[in-house]
Amino acid sequence: MTATNTHYAFALHGGAGAVAGRNYSAVEEHLQQLAAECATLLAKGAHALDTVEFAVLELERSGMYVAGRGSAPNTAGYVELDASIMHGPSREAGAVAALPGFESPIQVARGVMEKTHHVLLAGAGARAFARGNGFAEVDEPENYYVLPVGVTKEELMDSNAHGTVGAVARDQSGALAAATSTGGTFGKLEGRVGDTPLIGPGTWADDDIAISCTGTGEHIIRAGGAITIACAYKSGTTLDAAINDMLDEVKRLGGDAGVIAVTRDSEIATLYNSDGMKRASVSSRQSLQVATFTETQ
Ligand code: ASP
């Protein structure tokens, strides 16, 4: 490790489905605490992969976002979860799609990465893998799942409403990693899979950039999502322009989205074209910032 490498950067999001005018102060407080904790870990030498998994696990557990405990049921009446994680230096990746009934889909996604030679397991196969490897299962869904902060019961049947969580990190060794987890869009059909578990559209990490997307998954998939941003950035487009081009395409197709990204140089971007995106970011050079709408605190 050279002295010039010993910087770190971290960003996380709680979804681009924030509704204008709502008060997200409890969410912002949570994001602030979690980002500060992750910055401390990175300052002490934690690996990017462990840090993004830890951050997403905490976001899933909190029940404050549409992921993990805050997930909403599909139209068949049960929760299906999507998650993915990627390690830049090795390009190893793991994901689960339409996974029913486990507490932490991001942990199962990392299990897929480390214990199988596959990248993505879906549905019944993902459940069998998670059971076989002892991941915590939700025994009483009716007592486990809670409405995320700021979400009304009416919105649960609105197919445009959505939320997701994600984290990206650059550690002091220069490694990048990204992780994303969601309960999907509200009112989704049984078996529906969005961008979140897809390595490429929803989550990406390589030697230069780590990205986590949020927003209407169908549009993100059709706009290319994270990998489109990575390719543009690696070809010389600035980080913000690369992200905004992808966001513009999502908008053109009729959706909205948000993106968090960190680069090898510890540059951070948190951009969106929805009403707002719950987010926080921090680096060894930038003080912690947290916001949902345009202004930062
Ligand atoms: N992208 C997620 C999905 O389509 C939802 C979100 O990010 O809010 O499942």
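Of His219, Ala178, Leu198, which is farthest on the positive side of the dipole of the stretch 161-220, counting Cα position, with +1 on Lys and Arg Cβ, -1 on Asp and Glu Cβ, and the Cα centre as origin?
His219
Can you tally the lysine pairs in the chain where the Cα-Cα distance is under 24 Å and the two residues are eight or more apart, or on different chains?
6
If you average 1/r over all unlike Cα pairs in the chain and invert the result, what Kirkwood radius do you get in angstrom?
18.2
Leaving out ligands and nucleic acids, and using a 1.4 Å probe, what accessible area per residue does the chain come to in Å²?
38
When only alpha-carbon atoms are used, what values of Rg and Dmax, in angstrom, describe the stretch 20-69?
That works out to 12.2, 39 Å for Rg and Dmax.
Where does the stretch 187-297 land on Rg(C-alpha)/(2.2 N^0.38 Å)?
Output field value: 1.04.
Note down the magnitude of the dipole of the chain about its Cα centre, charges +1 on Lys and Arg C-beta and -1 on Asp and Glu C-beta and zero elsewhere, to the nearest 20 debye.
Charge dipole, the chain, about its Cα centre: 280 debye, nearest 20.
Taking the highest mean first, how do the peptides 108-117, 283-292, 137-146 order by number of other beta carbon atoms within 10 angstrom per residue?
Ranking the peptides 108-117, 283-292, 137-146 by packing returns 108-117, 283-292, 137-146.
Could you give the semi-axes, largest first, of the ellipsoid that matches the stretch 94-231, computed as the square roots of 5 times the alpha carbon gyration tensor eigenvalues and rounded to whole Å?
So the three semi-axes of the stretch 94-231 are 24, 20, 14 Å.
Stokes-Einstein at 37 °C, 0.692 mPa s, Kirkwood radius from Cα pairs: D for the stretch 61-115 in µm² s⁻¹?
In µm²/s, the coefficient is 279.
The values are calculated or read from the model by the stated rules, or taken from the named source; none is laboratory data. From a predicted model like this one, the values you see are computed outputs, not experimental measurements. Using ideal geometry, Cβ is built from the backbone for each residue, glycine included, and neighbour counts are taken over all protein chains shown. Each accessible area value is taken on the protein alone, full model and side chains, heavy atoms only, with ligands, DNA and RNA left out. Shrake-Rupley method; radii C 1.70, N 1.55, O 1.52, S 1.80 Å.
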